[in-house]
Amino acid sequence: IRTIGNLNPGTSNVVRNVGKGWGILVMALDALKGVVIILAAKLIFFPENGSLHLLILYLAGVCAVLGHRYPLFYGFKGGGGIGTMQGISLFFVLAEYLFSMLLGGLIVILFFKNVKHKYGQWTPILFVILTPFVTLATSLTVSVPLFSHIAIGGHPAGLVIGTFVMSLTLLGINIGFMKKRVGE
């Protein structure tokens, strides 16, 4: 995959050049990468669910995204990090993640009619932007526990802060990457 398309090992390049099935597998493995890091950190270091513990776990997720984006063994040239962030969001803010993806997809359908790769590129970007705001809004207005650590709203401050840190990190990385590509 590093020799075809845009040379990126991410889901979008795999879907465009190899097929949807392989793209779904790449997306699932990238998401799993984020979940495994957080589960390991939670089980080993932070079995409790305090606000500070959740923020630290979210920061472990940020590290997983950075490791995905800048892998040591591939010359610090990795995927975009969106798939890994999706796994982290699935773990921490499942309802808000699903709503953000749905809303991002709806915005793409309504406003991005003549854009190339609109679903594979723009829906994930909108998800990254929307998730922290949806998480903040639900945390301030609703608190519906679903099961275990999954809830709609009612999230502690550390978790809300973590969603903003994750999104800003990912957006900053990708905006810097895009500026670099335009300058080449």
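Tell me, Kirkwood radius of the chain from alpha-carbon pair distances, in Å?
Radius from the Kirkwood sum: 16.9 Å.
Using all alpha carbons of region 75-118, what is the percent of pairwise distances in each 5 Å bin, ordered from the shortest bin to the longest?
5, 20, 18, 20, 18, 14, 5, 1
Let me spell out the model: positive unit charges on the Cβ of Lys and Arg, negative unit charges on the Cβ of Asp and Glu, origin at the Cα centre of the chain. What dipole size does that give, in debye rounded to 20? Mind dumping the intermediate values first?
Values: 13 positive and 4 negative charges, 157 e Å.
Value, rounded to 20: 760 debye.
Give me the 1.4 Å probe accessible area per residue for the chain, excluding ligands and nucleic acids, in Å². Numbers along the way, then the final one.
On the way: 10260 Å² over 184 residues.
Accessible surface, normalised per residue, equals 56 Å².
Work out which helices of the chain, taken as complete DSSP H runs, extend at least 20 Å along their axis over the Cα atoms and score a mean Kyte-Doolittle of 1.0 or more, then list them. Provide the component values of the computation, followed by the final result.
Working: long enough: 20-44 (36 Å, 1.66); 51-69 (27 Å, 1.47); 94-111 (25 Å, 2.16); 123-141 (25 Å, 1.71); 157-183 (39 Å, 1.20).
Helices passing the filter in the chain: 20-44, 51-69, 94-111, 123-141, 157-183.
Using just the C-alpha positions of region 83-143 as equal point scatterers, what log10 of I(q)/I(0) does the Debye formula give at each q in 0.19, 0.21 1/Å?
Taking Cα atoms of region 83-143 as identical point scatterers yields -0.66, -0.77.
As a check on your grasp of the helix formula, calculate [θ] at 222 nm for the chain: sum -39500 (n - 2.57) over DSSP H runs of n ≥ 4, divide by the residue count, round to the nearest 500.
On the way: 7 runs with 126 residues, N = 184.
The per-residue figure over the chain is -23000 deg cm²/dmol.
Using a probe of 1.4 angstrom, how much of the accessible area of the chain is carbon and sulfur, in percent?
Details: 7580 of 10260 Å².
The C+S portion of the solvent-accessible surface of the chain is 74 percent.
If you average 1/r across every pair of different Cα atoms in region 9-76 and take the reciprocal, what Kirkwood value do you get, in Å?
Numbers: mean 1/r = 0.0752 Å⁻¹.
For region 9-76, inverting the mean 1/r across all distinct Cα pairs yields 13.3 Å.
Please list the non-local residues whose amide H lies under 5 Å from the amide H of ALA151, H modeled 1.01 Å from N, same-chain partners needing a gap of 5 or more.
LEU94, ALA95, LEU146
The values are calculated or read from the model by the stated rules, or taken from the named source; none is laboratory data. These numbers come from a predicted model, not from an experiment. All Cβ positions, even for glycine, are placed from backbone atoms using ideal geometry, and neighbour counts span all protein chains on display. Side chains are part of the model used for accessible areas, which takes the heavy atoms of the whole protein and leaves out ligands, DNA and RNA. Shrake-Rupley method; radii C 1.70, N 1.55, O 1.52, S 1.80 Å.
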